[in-house]
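The numbers here are math on the coordinates, done by the rules we state, and not lab data. These numbers were taken from a predicted model, which means no experiment stands behind them. Note: ideal-geometry Cβ built from the backbone for every residue, glycine included; neighbour counts use all protein chains shown.
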Amino acid sequence: MPISNGRISSFSALSGHPAAGVNRRELLQRIGLGFGGIALADLLGTPRQAIAAGGALPSPHHAPTAKRVIYLFQSGGPSQLETFDYKPLLNEKQGQPLPDSVRNGQRLTGMSGNQSSLPLAGSLFKFGQHGQSGTWISELLPNTAKMVDDLAIIRSMTTEAINHDPAITFLQTGNQLSGRPSIGAWLSYGLGSDNDNLPAFVVLITKGKGDQPLYSRLWGTGFLPSKYQGVQFRSGKEPVLYLNNPDGIDRDSRRQMLDGLRELHELELEATGDTELQTRIAQYEMAFRMQASVPDVTDLSSEPEHIFDLYGPDAKKPGTFAANCLLARRLAEKGVKFIQLYHQGWDQHGGLPKGIQTQCRETDLPAAALLMDLKQRGMLNDTLVIWGGEFGRTNYSQGKLTATDYGRDHHPRCFSMWMAGGGVKGGVVHGETCPFGYNVVQNEVRVRDFHATLLHLLGIDHERLSHKFQGLDARLTGVEEAHVVKEILERV
């Protein structure tokens, strides 16, 4: 495509009609109308130059045990008392008020803070011991229970946030205020990418689950360059928005357009020295490669029937948690470094017994199947899988307590998560809560400790991965003290 004095001598390869004398601004406007515009660049994750550079870190700080992460985020706050933290004392004291000595003045939300009493509520569901470890797991999670000897269950998680938005933002970005980089963005920034044709950071959201909203800033880059943001894959004909060619535009035409656009950007780069233009070029190139790679990786039809049987009947329904777990495994095989799954619906202030049965039915089998699938492929050893929400639930009932129904309010004082693979010990339980399931009494794990541990497993010292922001060396773990939870690691 000849370029002379900033003018394009022919535009027929791009639009199918002559456009002699079109200047750069006019060309970009026409391309924007035909190809989704410059906004495409902001939607398309890690570019090729990040792969070539290998990330901001020249090498890991120490030998990593995990190459990639699959984070199964259960949005809304799953009740630890119905899943992983067995508290028979609550059943014995059913209906009795929460003792002041246990609450110890802890703040409550406005949803239950005005109740005349806070009646203790035992779980309606039975617990049993499973695996060689003999770990107590709820009957709601029979498939997860089969994998318990591969799990490190943390029963002593705590958070500083008591409401959803700051709590989710804290777990996903290390800060309760929005505007900070997400975990996946930090990893992409620090370690780069392991593949040429897919983003380093992919987000999958279970479709049709309303409940608490999720915002794109949860997988955003904050003050890091935008090329490190997560790319959301959707179910349906267009997994990534604005990626497909418009009707009438074939791949060769797209290639010619990109070549011409590259020349324009390079001319502008020479004139201005704006390195963001290099990022734009790389993002367009990544988008072009993704046109071929995304349809392939998101097409589950090539999976054998026994794999669909493993993940359950929902695995054949695009956008379900089961289908997303299977897609996460495929993305992990392709070298995607951070895969974030969101499953909403755990915010059960009332009608908890019925609600949590539905949630566990949707997630238990697929999560366990993901572990089994990774394990049988030899991938669990270097894939870190995480399950958990933003906080726990109260040991007392929000609203009316009956023999068959109750609800639980938000509870930041203690909640449960599990981690598996990627250098994590299996068959261990870390931390302990009081007999009332209200306070941590042993081995508290704060959100910053969780982040430090996650980074450690990927070979990163959390104190040495930073980015200059407002005159400070900003980090995922912030400026407060954070500790790697060494007790759950196979090696330190």
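Using the Cα gyration tensor of the range 246-379, with a ≥ b ≥ c the square roots of its eigenvalues, what is the shape: rounded (a/c below 1.5), prolate (a/b larger than b/c) or oblate (neither)? Here the range 246-379 falls in the prolate category.
The relative contact order of the range 339-451 comes to 24 percent, based on Cα pairs under 8 Å that sit 6 or more residues apart.
Only one residue of ILE249, GLY471, LEU98 has its Cα farthest out toward the positive end of the dipole of the chain, where Lys and Arg carry +1 and Asp and Glu -1 on Cβ, and that residue is LEU98. Ranked by how many other Cβ atoms sit within 10 Å of their own Cβ, fewest first, the residues LEU141, LEU214 fall in the order LEU214, LEU141. Taking every DSSP bridge with both residues inside the chain, close to 50 percent are antiparallel. Note on the chain: dipole from Cβ charges, positive end direction compared against PRO353, SER59, SER117; the farthest Cα belongs to SER117. Inverting the pair-averaged 1/r between distinct Cα atoms of the range 85-158 gives 14.7 Å as its Kirkwood hydrodynamic radius. Got a sec? How would SER466, SER235, SER188 order by Cβ neighbour count within 10 Å, fewest to most? Lowest count first: SER466, SER235, SER188. Computed about the Cα centre, the dipole magnitude for the range 79-132 is approximately 40 debye when only Lys and Arg (+1) and Asp and Glu (-1) carry charge, each at its Cβ.
When both the range 291-313 and the range 183-245 are represented by their alpha-carbon centers, they are found 20 Å apart.
Charge dipole of the chain (Cα centre as origin; +1 on each Lys and Arg Cβ, -1 on each Asp and Glu Cβ, all else neutral): 300 debye, rounded to the nearest 20. By the rule of a C-alpha distance below 17 Å, with chain neighbours fewer than 8 residues away ignored, the lysines paired with LYS126 are LYS87, LYS93, LYS146, LYS354.
Relative to the longest principal axis of the Cα atoms of the chain, the long axis of helix 164-173 makes an angle of roughly 60 degrees.
With the biggest extent put first, the Cα atoms of the chain measure 84, 53, 45 Å across the principal axes.
Here's the list of aspartates and glutamates a cross-link from LYS334 could span, going by alpha-carbon distance under 20 Å and ignoring same-chain residues fewer than 8 apart: ASP194, ASP196, GLU238, GLU285, ASP296, ASP299, GLU303, ASP373, ASP382.
A Cβ-based charge dipole, computed about the Cα centre of the range 389-455 with Lys and Arg at +1 and Asp and Glu at -1, lands at about 20 debye.
Between the Cα long axis of helix 251-272 and the first principal axis of the chain there is an angle of about 80°, rounded to the nearest 10. A DSSP coil position with no more than 10 other Cβ atoms inside 10 Å describes the following trypsin sites (Lys or Arg not before Pro) in the range 214-268: LYS237.
As a proxy for reagent exposure, LYS87, LYS317 were ordered by neighbouring Cβ count within 10 angstrom, fewest first; the result is LYS317, LYS87. Let me know the shape class of the range 212-321, please: from the alpha-carbon gyration tensor, a ≥ b ≥ c as square roots of the eigenvalues, rounded when a/c is under 1.5, otherwise prolate if a/b is greater than b/c, or oblate. Oblate shape, in that a/c is at least 1.5 and b/c is the bigger or equal ratio.
Below 18 Å, Cα to Cα, which lysines can LYS316 reach? Residues fewer than 8 away in the same chain don't count. List returned: LYS207, LYS209, LYS237.
Between VAL492 and GLU333, the FRET efficiency from the beta-carbon distance, with R0 = 35 Å, is close to 0.75.
How would the range 354-492 be classified by its alpha-carbon gyration tensor: rounded, prolate or oblate, with rounded meaning a/c under 1.5 and the a/b versus b/c comparison settling the rest? Oblate, since a/c reaches 1.5 and b/c is not below a/b.
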